[in-house]
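What follows is calculated from the coordinates using simple rules that are stated; it is not laboratory data. Since we're looking at a predicted model, the values are computed, not measured. Cβ coordinates were reconstructed from backbone atoms using ideal geometry, including for glycine residues, and neighbour counts include every protein chain displayed.
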Amino acid sequence: MDKALLSGRAAYHPTLPICADIVQVAGELKVALLNGYLCPANVWARILAYVEVAEASAQRVCESCGKPGKFREVYWHRVYCDECIEPVVDLERTE
Ligand SMILES: [Zn+2]
């Protein structure tokens, strides 16, 4: 099996679910999961539900401090609260 994986002749099927990647794409949280062949369907459904909640709430939680925030197109497409962007706004005002 391992030799087959190393040679690229076999697809990877984990025993238990694993998180393959967590990235931020244009302000949205993306979690890539692989299901495990020993994982019961109801457990897999619960994992997906938790990830769905995390991805949805990431769109309104400041990624710097965790307070309620909103999507900022002018701040590199990221989610920040008003307090976390305030210093940058102040700098612009003093120039
Ligand atoms: Zn914040």
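What length, rounded to one decimal in nm, is gained on full extension from Tyr12 through to Ala56, with 0.36 nm per residue of separation minus their alpha-carbon distance?
Working: separation 44, 0.36 × 44 = 15.84 nm, distance 2.82 nm.
13.0 nm is the gain from fully extending Tyr12 to Ala56.
Suppose every K and R has +1 on its Cβ and every D and E has -1 on its Cβ; what is the size of the dipole of segment 1-60 about the Cα centre, in Debye to the nearest 20? My answer is approximately 120 debye.
All C-alpha pair distances within segment 1-60, sorted into 10 Å bins from zero, spread as 20, 39, 28, 12, 1 percent across the bins. The residue list Tyr37, Ala56, Val25 was ranked by how far each Cα lies along the charge dipole of segment 1-60 toward its positive end, using unit charges on Cβ atoms, and Tyr37 comes out on top. In this structure the amide hydrogen of Val79, modeled in the peptide plane, comes within under 5 Å of the amide hydrogens of Glu63, Arg72, none closer than 5 places in sequence on its chain.
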